[in-house]
Amino acid sequence: MDITNDGVNLALLLLRVMVGFTMLAHGYNHIWGGGKIKGTAGWFESLGLKPGPLHAWLASLTELAGAAALILGLLTPLGGAAVVGTMMVAFLTNHRPNGFFIFRPGEGYEYVLNLIVAGIALGGLGAGKWSLDNAIGINWNGWVGLAIAAGAGIGGSLLLLAVFWRPAPKPAAAT
C-alpha cells in the first residue's frame, strides 16, 4: 500500500477513528452507562459468561484499550484484535441466533460482523502515515498485521469461550 497517498491516509484515519470511537463508547457504556459494570456483569452471566464481573471488566477494558490503540494508530493490529475478539464473543454468545439484521428481536449480527471485518482489515492495512505506528517505525501491516488481528482476535475469543462460556441448556421441545 502506498502510504504517501494522502487520500489513503485520510481514509485510514477516518476508519481507525470511527471504529475506535465506536469501541470507546461501547466500553465506556459497559462501565459507566445504564446498569454500569454491575448490570453488564449480570447481562454477561445471563449469556453464560461466568463469572460475569470478570468478563464485564475484561470486555470493557479490552474495548477501551483497543479503542485507544486504533484512535492513536499505535500497535494497530492489536487494536484490531481487541475489536475482533470482543465482537466475536458478542456474535457467538448473543447476536448469531437472531439473524442478520440488527432491528430483529434480540438484535441481529450485522453490526458486530461489520466491526469484526473492520478490525481484521485495519490489522492488514495498518494505521497509515498519520499514526504513531508510522512515527515510531512500527510496520506490522500486510499479512503480519492481518494475522495478528484475525489470529489474536478470533483465537482469543474462541479460547475464552471454550474455558468460560456455559450457556443454559435449551428447554426440550414439547411433543
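The values are calculated or read from the model by the stated rules, or taken from the named source; none is laboratory data. Keep in mind the model is a prediction, meaning the values are calculated, not measured. Every residue, glycine among them, receives a Cβ derived from its backbone with ideal geometry; neighbour counts consider all protein chains shown.
Observations, loosely collected:
- Figure legend. Inter-residue proximity from the stretch 125-139: first residues touching a residue at least 12 places away in the same chain (Cβ under 8 Å), second residues outside any loop (DSSP other than H, G, I, E, B) and hydrophobic (A, V, I, L, M, F, W, C), beta-carbon distance below 6 Å, spacing 6+ or different chains. Indicated pairs: G128/L12; W130/L13; L132/L72.
- Residue in the stretch 25-32 that is surrounded by 14 or more Cβ atoms within 10 Å (Cβ to Cβ), out of contact with any Cys (no Cβ under 9 Å at 6 or more places or on another chain), modelled with pLDDT under 95 and aliphatic (A, V, I, L, M) present: no
- Candidates A152, A90, A118, A135 - the one that is over 22 Å from L24 (Cα atoms) and assigned to a helix (DSSP H, G or I): A135
- Residue match in the stretch 62-73 (condition: modelled with pLDDT of 95 or more and farther than 17 Å from F21 by Cβ): no
- Residue match in the stretch 22-31 (condition: among the hydrophobic types (A, V, I, L, M, F, W, C) and under 13 Å from G119 (Cα atoms)): yes
- Just so you know, in the stretch 40-56 the residues that are surrounded by 17 or more Cβ atoms within 10 Å (Cβ to Cβ) and without any contact (Cβ under 8 Å) to a residue 40 or more places away in the chain include one that is farthest from D133 (Cα to Cα), and it is W43.
- G80 modelled with pLDDT of 95 or more, under 15 Å from the mean Cα position of the chain (by Cα) and either among the hydrophobic types (A, V, I, L, M, F, W, C) or surrounded by 19 or more Cβ atoms within 10 Å (Cβ to Cβ) (or both): yes
- Residues that are surrounded by 17 or more Cβ atoms within 10 Å (Cβ to Cβ) and touching a His at 6+ places or on another chain (Cβ under 7 Å) were ranked within the stretch 100-125; the one that is farthest from M23 (Cα to Cα) is G108.
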